[in-house]
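Peer 1: Pasting a structure below so you can have a look.
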Amino acid sequence: TECEKEPGSLLWIFVMVGNIVRGMGETPIMPLGISYLEDFAKAENSPFYLSCLQTATVIGPFLGLLLASFCTELFVDIGSVGADEITITATDARWVGAWWLGILICALLNLLVGIPFWFLPKSLVKEGETNETEEASEKSVAPLQENDKNETKQTMYDFMPFLKALFHNPVYMLFICITVLQFSAFDGMISFMPKYLEQQFGKSASDAIFLIGVYNLPVLCVGYFSGGLFMKKFKINVYQAANIAFWVSLLEYLLYFAAFWTVCDTSPVAGLTVSYQ
């Protein structure tokens, strides 16, 4: 009789909870960070600072892909299984890399990087303005605290009307749809391109992840950074920036559409494209 064993491990719950906590910690960085820059930076410098922020969000995944490439070269049971006991290589379909090692390293780095956030001041002096005197700031502390309480209560009551107004704003909803489509395409590439490179070109998982990081993300960094410099130098307003974004996105679509004519021969797979004989 065959031995049947159903998977009963609940360790996936720890991974799920860890990702939820990570998302809760990462989500405020973009909206609050952008507001932080907009409030305390000059109008002409704000696009450049935002481009630096966007560039940093691309450098992170690039370094993450390099780390993933390194970790997948290591066997999943590293430390408990000797190298002489491993009979398969990284190009074997049965190979499982040390995926958990990258999570531990990134968790430790996130903890260390998060410490300086505790020392950020609650308020900064806007660029180009002078500091207030100590007496003036002390006199304004009590009214500001009272205003903060009143604004918090008013915001709680006005949240639903504001949300309804946003959902009825066609420009905002169009921007949301475009953002969802862009992230869907990017996530699709990150999810399926490594396996495509493995099957089509015979690359190992570590090589596929490394190639995706090297050929895609540095170009995005250059685009974000040069876009911020361009807006700062020529003082591009919101309307002009929207026009530039439209035409650049159209050009991007045409270039990606041309990839349909890039056809590679299908690799022979026993039982699918060729017979077992």
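Every number in this text was worked out from the coordinates using simple rules, so none of it is lab data. None of these values were measured; they are calculated from a predicted model. Positions of Cβ are generated from backbone atoms using ideal geometry, with glycine treated the same way; all protein chains shown enter the neighbour counts.
Peer 1: How much length is gained if the chain between GLU26 and ALA56 is pulled fully straight, taking 0.36 nm per residue apart and subtracting their Cα-Cα distance, in nm to one decimal? Working shown, then result.
Peer 2: Numbers: separation 30, 0.36 × 30 = 10.80 nm, distance 1.33 nm.
Gain in length upon complete extension: 9.5 nm.
Peer 1: Using the structure shown, select from LYS42/LYS232; LYS126/LYS233; LYS126/LYS235; LYS122/LYS233; LYS122/LYS164 the pairs with a Cα to Cα distance greater than 22 angstrom.
Peer 2: Where the Cα-Cα span goes over 22 Å, the pairs concerned are LYS122/LYS233; LYS122/LYS164.
Peer 1: Any chance you could run the full-extension gain for ILE78 through GLN182? It's 0.36 nm times the residue separation minus the Cα-Cα distance, nm to one decimal.
Peer 2: 33.7 nm
Peer 1: Rank by packing, highest mean first: peptides 111-121, 40-50, 187-197, with packing defined as the count of other Cβ atoms within 10 Å averaged across residues. Please report the intermediate quantities before stating the final value.
Peer 2: Values: 111-121: 8.1, 40-50: 16.5, 187-197: 13.5.
Result, highest mean Cβ count within 10 Å first: 40-50, 187-197, 111-121.
Peer 1: If you don't mind, another one. What do you get for chymotrypsin sites (Phe, Trp or Tyr not before Pro) in the range 8-37 restricted to DSSP loop and a cutoff of at most 13 other Cβ within 10 Å of the site's Cβ?
Peer 2: Details: sites: TRP12, PHE14, TYR36; in loops: none.
Answer by residue number: there is no such site.
Peer 1: Continuing with this model, one more query. Stretched out fully, how many nm does the piece from LEU112 to TRP247 gain, at 0.36 nm a residue minus the Cα gap? Please report the intermediate quantities before stating the final value.
Peer 2: Numbers: separation 135, 0.36 × 135 = 48.60 nm, distance 4.09 nm.
That works out to 44.5 nm of additional length.
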